[in-house]
1. If HIS47 meets every condition in (1) more than 9 Å from the ligand (Cβ to nearest atom); (2) more than 22 Å from VAL221 (Cβ to Cβ); (3) surrounded by 15 or more Cβ atoms within 10 Å (Cβ to Cβ) apart from one, which number is that one?
2. Taking LEU86 and the conditions (1) under 27 Å from GLN131 (Cβ atoms); (2) within 14 Å of the ligand (Cβ to nearest atom), which numbered condition does it fall short on, given that it satisfies the others?
3. Can you tell which of SER4, SER56 is among the polar types (S, T, N, Q) and within 16 Å of the ligand (Cβ to nearest atom)?
4. With the checklist (1) of a type in the set (A, V, I, L, M, F, W, C); (2) within 13 Å of the ligand (Cβ to nearest atom); (3) surrounded by fewer than 16 Cβ atoms within 10 Å (Cβ to Cβ) in hand, flag the one item VAL114 doesn't pass.
5. Quick check on segment 69-87: of everything there that is loosely packed, with under 13 Cβ neighbours inside 10 Å and not hydrophobic (A, V, I, L, M, F, W, C), which residue is nearest to LEU124 (Cα to Cα)?
6. Need the failing condition index for SER73 against (1) over 22 Å from PRO41 (Cβ atoms); (2) more than 20 Å from the chain's Cα centre (by Cα); (3) away from the ligand (no atom under 12 Å from the Cβ), just the number.
7. Which of the residues spanning segment 119-152 are surrounded by fewer than 16 Cβ atoms within 10 Å (Cβ to Cβ) and within 14 Å of VAL81 (Cα to Cα)?
8. Pairs only if they're at least six apart or on different chains, beta carbon under 7 angstrom, first in segment 184-201 and touching a residue at least 24 places away in the same chain (Cβ under 8 Å) and within 22 Å of LEU124 (Cα to Cα), second within 9 Å of the ligand (Cβ to nearest atom) and polar (S, T, N, Q); list them, first residue then second.
Amino acid sequence: MPFSPQRIAVFGASGAIGTAFVHECLDRFETAKVFCFARSPDRIPVHDRVESHDLSLNDLEGLKARAEALKASGGLDLIFVATGQLHSPTAKPEKTIRSLSISGMEETFHTNTVLPAMIMKYFLPLLPKQQKGVFAAISARVGSISDNSLGGWYSYRASKAALNMLIRCAAIELQRTHQNSVVIGVHPGTVDSELSKPFQRGLPEGQLMRPVKSAALLLDVINKVDQSQTGRCFAYDGTEIAP
Ligand SMILES: NC(=O)c1ccc[n+]([C@@H]2O[C@H](COP(=O)([O-])OP(=O)(O)OC[C@H]3O[C@@H](n4cnc5c(N)ncnc54)[C@H](OP(=O)(O)O)[C@@H]3O)[C@@H](O)[C@H]2O)c1
């Protein structure tokens, strides 16, 4: 039976992939409600089936209260985490170990690892116990330790590898209470966004995907994934990415 989530939460709904994912859900699931969270809520898509909320680690009480309210109103069938950072004015991807800084590492881990962990903490229990529910967080192929033959991007790679470990731990724990739910990491491909913009030069022709295409493929992966695959990481084309 196709997965037809009716209550969907999207974190990072202001980003390129997050926004595209919201639109894809609204198109594909005609009666679904989408609860959108973003640091910049004014950039969340406006739609009568979208509800917008602030997302900040500085307001954990607010996040917890929102989770409790969503639980009381019916829980969630699908949770999609599309937040993440590769570069910022104060944290650049490091080419060499000489560039590592505590502040840069902390900032990257804060966004790519700690924020998704807090979302897991408060929102994973909202998934259904009786039927399929999915928690999918966008990781990255470069977070795979065994796939790393180029080096560089220390903090980004390490923060995504740590995210993959959190996904595995949470999947194991959730299995005990939510036998039908699935927790996965997903790799979106190389997608045109603010995050990838500084690194798009020199990409082979046709490799840069539009966010709308990536979002549709990721939703296909989420549709197909089953309980036997929980805790793992999948690329946009459905292939598994080794840890
Ligand atoms: N684009 C690619 O080629 C590619 C490849 C592999 C993996 N990914 C992953 O895909 C995910 C989405 O990236 P994207 O390409 O869509 O980039 P994007 O357009 O820059 O979106 C990033 C999203 O993360 C949010 N965000 C960043 N830092 C945050 C923080 N501290 N607190 C709350 N929200 C924060 C942004 O919020 P604001 O709108 O407020 O800035 C935005 O919603 C990321 O996890 C990224 O690592 C992307």
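Read-outs throughout are calculated quantities, based only on the coordinates presented, and are distinct from any laboratory measurement. Computed from a predicted model, the values in this text were never measured in an experiment. Please note: Cβ atoms are built from the backbone with ideal geometry, for glycine as well, and neighbour counts cover all protein chains shown.
1. With respect to (1) more than 9 Å from the ligand (Cβ to nearest atom); (2) more than 22 Å from VAL221 (Cβ to Cβ); (3) surrounded by 15 or more Cβ atoms within 10 Å (Cβ to Cβ), HIS47 is out only on (3).
2. Here LEU86 meets the rest and fails (1).
3. On the way: SER4 fails: within 16 Å of the ligand (Cβ to nearest atom).
Answer to the selection: SER56.
4. Here VAL114 meets the rest and fails (3).
5. My answer is GLY74.
6. (1)
7. LYS121
8. GLY185/SER139; VAL186/SER139; HIS187/SER139; PRO188/SER214
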